[in-house]
Every structure is written in structure tokens, then in C-alpha cells.
Amino acid sequence: MGKFTVLDHPLIQHKLTIIRRKETSSNEFRRIVGEIGGLMTYEITRDLPLKDVEIETPMGKTTQKEIAGKKLTIVPILRAGIGMLNGVLDMIPSAKVGVIGMFRDEETLEPHEYFCKMPNDVAERECLVVDPMLATGGSANMAIAALKKRGVKDIKLAVLVAAPDGVKAIQAEHPDVDIYAAAEDDDLLDNGYIFPGLGDAGDRLFGTK
Ligand code: URA
């Protein structure tokens, strides 16, 4: 089964509390979602493999380290995943970005894919799927399935807030995928929102309510 890790660094927890507050403006919400995305990336990439590389400093030749292994694709799930994207790219500017569009039927809560544009070499890359809220797990499961259909073998999922049901749903359907969250919340309400959560992440990011 894939690992589920709550990244409880004090800076992440502090920033998450700010965006949970209902009075936090869209402007501040957007900035901090990006910052948390960057801090989470720092933690998620802690175990990236390194290789030796010969370089020359102004003082002479030396052997130093650089990141080895597969290149990364960041996969934000539209639209709220876009909020985390810049923060992740701040940490890994050379990553490519593959976008997948999902919307949730407000009655059935079922996700539907309406857009998918991936780099040509996505199958040879590691993918980090980002979406602020892991509620039922429907959208993330579908996004992960869409990547696997395109040959991707190495997938991680990063969310800000996870509901226990969402974590279970991903672990059941994609046991090879590790999940990272800034927090695991208590509950998934009947209307599909997480409690205490932070409300509708897309609306709060884009000021659309
Ligand atoms: N999507 C959101 O934006 N918020 C939730 O609480 C659940 C799903």
C-alpha cells in the first residue's frame, strides 16, 4: 500500500491555519497556497537520488552532487491545483507541467475529465499530482488513472488537506502511489466538503464566490 505522510513542519502548519481562516482574502490565500506547495515539495523531494558530477569552480576541479534519476512533471488538477503550481515550480524550475481538467458533478459528486495535456515524454518521467483538497478521492484517482493510461509508472500525490475517506480511496485504487498532505482532517461532509477544511479551494483561490 502507498505511504500516507502528513508533512507537519511548523511553517506548513502555521500557514495552513492562516488559509483555514474564513476572513483570509483571496490574495493572501493564493500566495500562501503557493508557499505551502513549495514547502511541501522541499519535504517530498528529500530522498531524491544524487549522483557525483565533476565541475570546475573558479578555484579548480572538484566532484560535487547533482540530482540523478527521472525528470519530474508537475500535474495540477484544474482548477484548484493551479494554486499550488508556482510554489512547486519555485523549488523545481526545470520541471515540465501536464495539466488535467476535472470537474465534480455537484449532485453525484462524481468527477469528469474534460481536458488533459501532458508532455510527450511523460511516460519516462516521475509525476507529482497536485490538488489542494483530497475529499472523496474521485478526481485524484481519475487523474492518476489518466497518467497510468499514458504509461506513467512513478506517481506521487500532494494535497493540502486530506479527508480519511479520500486517502483510503487512493490507497485502494492506486496502492503504488504515495500521498503527502499538510493535514489530515476529521471528516467528509455529505455535501462533499472537508471539515474543518478550508472551504472551496478553487473559489477562494480565484475569488469566484
Ligand atoms: N473541494 C474543495 O474545494 N473543498 C473541499 O472541502 C472539498 C473539495
Which one of these is within 16 Å of the ligand (Cβ to nearest atom), touching a Leu at 6+ places or on another chain (Cβ under 9 Å) and farther than 24 Å from residue 101 by Cβ: 16, 11?
-> 16
Scope segment 96-151; condition assigned to a strand (DSSP E or B), touching a Ser or Thr at 6+ places or on another chain (Cβ under 7 Å), open to solvent by 30 Å² or more (accessible area, probe 1.4 Å) and within 16 Å of the ligand (Cβ to nearest atom); matching residues = 104
Quick check, is residue 147 out of contact with any His (no Cβ under 7 Å at 6 or more places or on another chain) and under 16 Å from residue 37 (Cβ atoms)?
-> no
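To keep it simple, each residue is scored yes or no on (1) more than 14 Å from residue 128 (Cβ to Cβ); (2) at pLDDT 95 or above; (3) hydroxyl-bearing (Ser, Thr, Tyr).
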{"position": "5", "(1), (2), (3)": "no, yes, yes"}
{"position": "14", "(1), (2), (3)": "yes, yes, no"}
{"position": "19", "(1), (2), (3)": "yes, yes, no"}
{"position": "30", "(1), (2), (3)": "yes, yes, no"}
{"position": "48", "(1), (2), (3)": "no, no, no"}
{"position": "68", "(1), (2), (3)": "yes, no, no"}
{"position": "113", "(1), (2), (3)": "yes, no, no"}
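Only residues that are among the charged types (D, E, K, R) and in contact (Cβ under 8 Å) with a residue 60 or more places away in the chain: list them for segment 74-105, please.
Correct list: 79, 104.
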Search result, residues across segment 174-209 that are at pLDDT 95 or above, assigned to a loop (DSSP other than H, G, I, E, B), within 14 Å of the ligand (Cβ to nearest atom) and among the acidic types (Asp, Glu) | 185, 200
Which listed residue is closer than 23 Å to residue 118 by Cβ and surrounded by fewer than 18 Cβ atoms within 10 Å (Cβ to Cβ), from 41, 45, 62 = 45
Is it the case that some residue within segment 80-89 is part of a strand (DSSP E or B), buried (at least 19 other Cβ atoms within 10 Å of the Cβ) and within 15 Å of the ligand (Cβ to nearest atom)?
-> no
Looking at segment 152-173, which of its residues are of a type in the set (Gly, Ala, Ser), surrounded by fewer than 18 Cβ atoms within 10 Å (Cβ to Cβ) and either within 16 Å of the ligand (Cβ to nearest atom) or on the phi > 0 side of the Ramachandran plot (or both)?
-> none
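The values are calculated or read from the model by the stated rules, or taken from the named source; none is laboratory data. Since this is a predicted model, take the numbers as computed values, not measurements. Methodologically, a virtual Cβ is constructed for each residue, glycine included, from the backbone with ideal geometry; neighbour enumeration extends over all protein chains shown. For accessibility, only protein heavy atoms count, side chains too; no ligands or nucleic acids. Shrake-Rupley method; radii C 1.70, N 1.55, O 1.52, S 1.80 Å.
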